[in-house]
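The structure appears below as structure tokens.
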Amino acid sequence: MMAGVAASYWPVWTIAAIATAGVIFRPFFWPEFVWAALGAALLVALRLMTPADALTGMLRGTDVYLFLTGMMLLAELARQEGLFDWLAAEAAAVAKGSAPRLFALVFAVGTVVTVFLSNDATAVVLTPAVAAVVRTARVKDPLPYLFICAFIANAASFVLPISNPANLVIYASHMPPLLQWLPRFALPSLLAILSTFAVLRWTQRDSLREPIAMDIEPTPLTPCGKLAALGIAVTAAVLLTASALGFQLGLPTFAAGSATAVMVLTRSGRGPAAVLKSISWGVLPLVAGLFVLVQALQNTGVTEDLAVLLRDLTQWSASGTAWIVGSVLAMACNLMNNLPAGLVAGRVVQIAALPDNVRAAVLIGVDLGPNLSVTGSLATILWLTALRREKVLVGTWHFLKLGALVMPPALLLAITATFAFG
């Protein structure tokens, strides 16, 4: 009977697998969102899921759409109003011609942005800023600095609940209070961040021997640029407040981004068209398509089966289950992207009622595992999109070779540290 049920769902699993592979490998150089949307449309067209179920799946992503829209608005406003150019000149001046000092500075800023604005904000907001920095400093090889944006976006993404939207998915209505979260994840986060810095710094040591420019002319910050900076700072405060009160982050982020856009555009006298047409809107259908694919997979009962398996494993050994589930999820994120993996894992965690250490390992696997491959997380896909706008290309194999050195030690240290709490 079970074999018959499983066989009846194989078309769903096959389409979901092909669509996800399309997102990861981008055959024919089609954008990621095309493959996700095609997979979702095919499931409905073949009557493997109803339009109502597809709509339900899409609506589950509403908070993510609002969050990303707000962040993309802030990033584009900051770019157009010269905030990134001003920050670039300031950073290059502080570095004083030292590439290692500039590398450490970018890493520190990336950590702060991830912690207080989320990993997606690091990809969307910080990447173009770092691209401006390396241009201003006339760096020969920009990749060591740009890699920071991708890797720290995941490595620092569980310092706070708001550091990664996936954290809210994993814990849902059972989110620990901030005073419980911090001691539980402070040591794992610290070790993951330090390990990521050490490995990145070591692997990029040859490029960092190259001198960088010292004769940097100061770039004045316009009043509109100051408004854009204020909008980003206010958004960080709003996100912290919303997280502390247990609110979803999408609407506050969208409201903050929209309010900033109104203030900046009113002051500049320019219409919204120039900002809106420059935003990479393809990320929204990408996310929507992935949500539909996950809804289809959940309709097959796979989440309930996984919940039963995890409960059985936990009864055998909670610590062993933490290692297994953290490692398996870390790899799964690189096979199917951490957004669908996190959505499935979040549902499984809610059904299985797992112990704290196991749930923490689930979160670490989803947050940190994507540092292995170039499309392991939504943040990294956003990073790739930002790089394409800067005419910088990063090969899948190049990233994988670096990720294979960066991710495993950070994952090992972070999961080990979860057993130090309680």
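The values are calculated or read from the model by the stated rules, or taken from the named source; none is laboratory data. Values in this document were obtained by computation on a predicted structure and should not be read as measured data. Methodologically, a virtual Cβ is constructed for each residue, glycine included, from the backbone with ideal geometry; neighbour enumeration extends over all protein chains shown.
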Fill in the blank from the handout: (1) in contact (Cβ under 8 Å) with a residue 12 or more places away in the chain; (2) closer than 30 Å to residue 360 by Cα all hold for residue 268 apart from (2)
Fill in the blank from the handout: Only one of 58, 49 is of a type in the set (A, V, I, L, M, F, W, C) and within 30 Å of residue 243 (Cβ to Cβ), namely 58
Completion exercise
Cβ pairs under 7 Å, 6+ apart or interchain, first in segment 230-241 and free of Cβ contacts under 8 Å to residues at least 60 places away in the same chain, second in a helix (DSSP H, G or I) and surrounded by 18 or more Cβ atoms within 10 Å (Cβ to Cβ), ordered by first then second residue, are 234/256; 238/252; 238/256
Fill in the blank from the handout: If we keep only residues of segment 23-57 that are buried (at least 19 other Cβ atoms within 10 Å of the Cβ) and in contact with a Phe, Trp or Tyr (Cβ under 8 Å, 6 or more places away or on another chain), then the residue modelled with the lowest pLDDT is 23
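Let's see how each residue does on (1) over 30 Å from residue 135 (Cβ atoms); (2) surrounded by 13 or more Cβ atoms within 10 Å (Cβ to Cβ); (3) in contact with a strand residue (DSSP E or B) (Cβ under 7 Å, 6 or more places away or on another chain):
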position: 185; (1), (2), (3): yes, yes, no
position: 202; (1), (2), (3): no, no, no
position: 217; (1), (2), (3): no, no, no
position: 226; (1), (2), (3): no, yes, no
position: 246; (1), (2), (3): yes, no, no
position: 249; (1), (2), (3): yes, yes, no
Problem - Lone unmet requirement of (1) touching a helix residue (DSSP H, G or I) at 6+ places or on another chain (Cβ under 6 Å); (2) farther than 24 Å from residue 151 by Cα; (3) at pLDDT 85 or above for residue 320 - result: (1)
Exercise for the section: Only residues that are part of a loop (DSSP other than H, G, I, E, B), over 23 Å from residue 118 (Cβ atoms) and in contact (Cβ under 8 Å) with a residue 24 or more places away in the chain: list them for segment 32-72, please. Expected result: 46, 48, 49
Fill in the blank from the handout: In the set 216, 212, the lone residue that is in contact with a Ser or Thr (Cβ under 7 Å, 6 or more places away or on another chain), part of a loop (DSSP other than H, G, I, E, B) and of a type outside the set (Ser, Thr, Tyr) is 216
Practice task
Tell me, yes or no, whether segment 118-139 has at least one residue that is touching a residue at least 24 places away in the same chain (Cβ under 8 Å), surrounded by fewer than 22 Cβ atoms within 10 Å (Cβ to Cβ) and either within 29 Å of residue 360 (Cβ to Cβ) or touching a Ser or Thr at 6+ places or on another chain (Cβ under 6 Å) (or both).
Solution key: no
Fill in the blank from the handout: Filtering segment 304-339 for residues that are surrounded by fewer than 22 Cβ atoms within 10 Å (Cβ to Cβ) and not aliphatic (A, V, I, L, M) leaves a count of 12
Practice task
Filter segment 235-282 down to residues that are within 26 Å of the chain's Cα centre (by Cα) and within 13 Å of residue 70 (Cα to Cα), then give me how many there are.
Solution key: 22
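Any idea which residue in segment 266-285 is nearest to residue 120 (Cα to Cα), counting only those that are among the β-branched types (Val, Ile, Thr) and buried (at least 16 other Cβ atoms within 10 Å of the Cβ)?
It comes out as 283.
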Exercise for the section: Select from segment 140-170 the residues that are within 15 Å of residue 97 (Cα to Cα) and buried (at least 23 other Cβ atoms within 10 Å of the Cβ) and list them in ascending order. Expected result: 145
Exercise for the section: Return yes when residue 208 is touching a helix residue (DSSP H, G or I) at 6+ places or on another chain (Cβ under 8 Å), farther than 27 Å from residue 99 by Cα and surrounded by 13 or more Cβ atoms within 10 Å (Cβ to Cβ) and no when it is not. Expected result: no
Exercise for the section: Within segment 391-404, identify whether any single residue is aliphatic (A, V, I, L, M), touching a residue at least 40 places away in the same chain (Cβ under 8 Å) and either farther than 27 Å from residue 203 by Cβ or in contact with a Cys (Cβ under 8 Å, 6 or more places away or on another chain) (or both), and answer yes or no. Expected result: no
Exercise for the section: State whether one or more residues within segment 355-377 are small (Gly, Ala, Ser), more than 23 Å from residue 16 (Cα to Cα) and crowded, with 17+ Cβ neighbours inside 10 Å. Expected result: yes
Problem - Selection status of residue 98, at positive phi and either among the polar types (S, T, N, Q) or touching a Ser or Thr at 6+ places or on another chain (Cβ under 8 Å) (or both) - result: no
